[in-house]
1. Sum -39500 (n - 2.57) across every DSSP H segment of at least 4 residues in the chain, then divide by the residue count to get the 222 nm mean residue ellipticity, nearest 500.
2. Using the heavy atoms of the protein chains alone and a 1.4 angstrom probe, what is the accessible area of the chain per residue in square angstrom?
3. Using a 7 Å offset from the Cα along the Cα-to-Cβ direction at both ARG29 and ARG11, what is the distance between the two label points in nm, to one decimal?
4. Given N residues in the chain, what is Rg(Cα) / (2.2 N^0.38 Å)?
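The values are calculated or read from the model by the stated rules, or taken from the named source; none is laboratory data. Note that the coordinates shown come from a computational prediction; the quantities given were computed from them, not determined experimentally. Because the Cβ atoms are built from the backbone with ideal geometry, glycine has one as well, and the counts that use them run over all protein chains shown. These accessible areas exclude ligands, DNA and RNA; they are computed on the full protein's heavy atoms, side chains included. Shrake-Rupley method; radii C 1.70, N 1.55, O 1.52, S 1.80 Å.
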Amino acid sequence: MLLPPRKRTGRPSKWTKRQLIDGIGWRVRTGAPWRDVPEYYGS
């Protein structure tokens, strides 16, 4: 059985999931506070 394509609802993401995951990894590796995470990784 084939499923219909998922409908996109809500606001589109400002950052890609890869950027968010990389930002979390950077935060964990460096131990820096969240406010010091580079803007490239998202807020």
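1. Values: 1 runs with 14 residues, N = 43.
About -10500 deg cm²/dmol.
2. Working: 4460 Å² over 43 residues.
On a per-residue basis, the chain sits at 104 Å².
3. 2.9
4. Details: Rg = 15.2 Å, N = 43, 2.2 N^0.38 = 9.2 Å.
Cα-based Rg divided by the globular estimate yields 1.65.
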